Amino acid sequence: MSDITLYHWEPNANSGKPMLALMEKGVEFSSHYIDMLQFDQHKPEYLAINPQGTIPAMTHGSRVLTESTAIMEYVNEEFAGPELMPADAQDRWRVRWWMKFMDQWLAPSFSMFGWKFFVGPNAVAAHGKDKLEEAIARIPLPERQIAWRKAVYGLFSEAEMAESGRRIGVGIRMLEQELGQHQWLASDTYSLADVNGFNLAYAMPLSQPHLANDEVTPNIMRWLRAIYARPATRACWKLGRTHMASRVAILEQDYIAPKDESEGISSGIRSELDSGALSR
Ligand SMILES: N[C@@H](CCC(=O)N[C@@H](CS)C(=O)NCC(=O)O)C(=O)O
């Protein structure tokens with residue numbers, strides 16, 4: 001029986017980062033699925049582990065670890081298995097540069113689209129707005145209350161969405177350029193930067209088909225397919241329970257043609273919502 005428990009939602013974004021790092025290292029752990037849309041992260045039993053009520057969190061014996069990127073670094077240093085940081089100091093700097101850029105600047109923009117088009121509508125469909133208001137009032141962090149209210153009541157402004165869209169465009173161009181320099185994101189060694197980046201970018205050919213495809217971003221597509229082909233990635237995405245994780249199957253296609261912007265995240269997810277296909 002492992003003395004490691006990971007509390008996580010879908011293999012996606014912050015939850016997926018330590019999940020994939022543990023699997024790449026070959027570390028056995030107990031997986032504790034926190035259903036974010038059922039507000040498991042705000043229940044007393046989870047607040048006893050992470051009083052902030054956010055996921056992921058990991059326990060290792062009596063140690064409690066939070067913050068997805070810091071957990072990944074802990075996992076890499078604490079456990080045996082393949083090294084996920086490059087040997088060269090400049091390469092390690094590049095790993096950390098990219099992780100900081102993604103965590104602070106790019107991921108919040110992807111997240112805004114995810115909360116507007118996936119989390120908000122699914123939560124409303126599952127609970128109705130009155131129940132949600134009670135659930136939101138129990139959230140410990142004021143900034144998470146704000147994010148939930150915006151998602152539930154459709155309060156993300158046009159200006160916010162436009163700025164997030166701009167950042168996603170800039171981030172995709174930067175990723176494409178960097179991946180033209182090395183095999184993996186930060187160097188020629190597979191690293192935590194790739195684990196972090198894949199969690200952010202695996203569904204881009206579906207959500208941003210005009211920006212990420214085999215014509216415009218061949219380096220990104222090569223990189224995404226190479227990560228998807230790794231046994232750890234396959235095992236990790238099998239832990240997904242919603243449509244969110246199953247989007248990874250787009251990477252099984254050998255060629256993804258550019259599509260119109262209107263076929264991207266908003267219209268794609270809206271039509272799936274209409275057909276009730278978002279949970280499985
Ligand atoms: N910086 C933290 C962010 C944690 C976080 O905000 N996680 C989101 C999910 S990606 C969450 O727990 N949301 C739950 C909620 O807002 O109720 C990390 O990287 O672990």
Residues whose built amide H sits under 5 Å from the amide H of residue 34, excluding neighbours closer than 5 in sequence, are 8, 9
Nitroxide proxy distance, nm - points 7 Å out along Cα→Cβ at residue 47 and residue 131: 2.0 nm
Expected vector for region 239-244, Karplus 3J(HN,Hα) from phi with 6.51, -1.76, 1.60 and θ = phi - 60°, integer Hz, x for Gly and Pro, equals 7, x, 10, 10, 4, 3
Long-range amide H partners of residue 57 with built H, under 5 Å: 7
Could you bin all the Cα-Cα distances of the chain into 10 Å bins starting at 0 and give me the percent of pairs in each, rounded to whole numbers? 6, 29, 37, 23, 5, 0
Return the sequence-ordered ³J(HN,Hα) values of region 70-78 in whole Hz as given by the Karplus equation 6.51 cos²θ - 1.76 cosθ + 1.60 applied to θ = phi - 60°, using x for Gly and Pro. 5, 5, 4, 5, 4, 4, 5, 7, 7
HN-Hα J couplings of region 104-121 from phi, Karplus 6.51/-1.76/1.60, θ = phi - 60°, integer Hz, Gly and Pro as x? 8, 10, 8, 4, x, 6, 4, 4, 4, 5, x, 6, 5, 9, 10, 5, x, x
Listed residues 177, 145, 253; largest mean-square fluctuation, Gaussian network over the chain with Cα springs below 10 Å, found at 253
Chain lengthening between residue 83 and residue 253 when straightened (0.36 nm per residue, less Cα-Cα): 58.2 nm
For the pair residue 166 and residue 28, what calculated FRET efficiency results from E = 1/(1 + (r/R0)^6), where r is the Cβ-Cβ distance and R0 = 41 Å, to the nearest 0.05? 0.45
Out of 111, 164, 30, a Gaussian network model of the chain with alpha-carbon springs under 10 Å gives the largest mean-square fluctuation to 30
What pairs in 116/238; 17/100; 43/100; 116/259; 43/150 have C-alpha atoms more than 18 Å from each other? 116/238; 43/100; 116/259; 43/150
Take the chain, connect every pair of alpha-carbon atoms lying under 10 Å apart with a spring to form a Gaussian network, then pick out the residue of 194, 40, 130 with the largest mean-square fluctuation. 130
Rounded to the nearest 500, what is the 222 nm mean residue ellipticity of the chain from helices alone, with -39500 (n - 2.57) per DSSP H run of 4+ residues and division by all residues? -15000 deg cm²/dmol
Take the alpha carbon atoms of region 24-75, find their radius of gyration, then divide it by 2.2 N^0.38 Å using N residues; give the quotient. 1.16
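No value in this document is a laboratory result; all are computed from the given coordinates. Treat the numbers as computed from the prediction; the structure is a model and nothing was measured. All Cβ positions, even for glycine, are placed from backbone atoms using ideal geometry, and neighbour counts span all protein chains on display.
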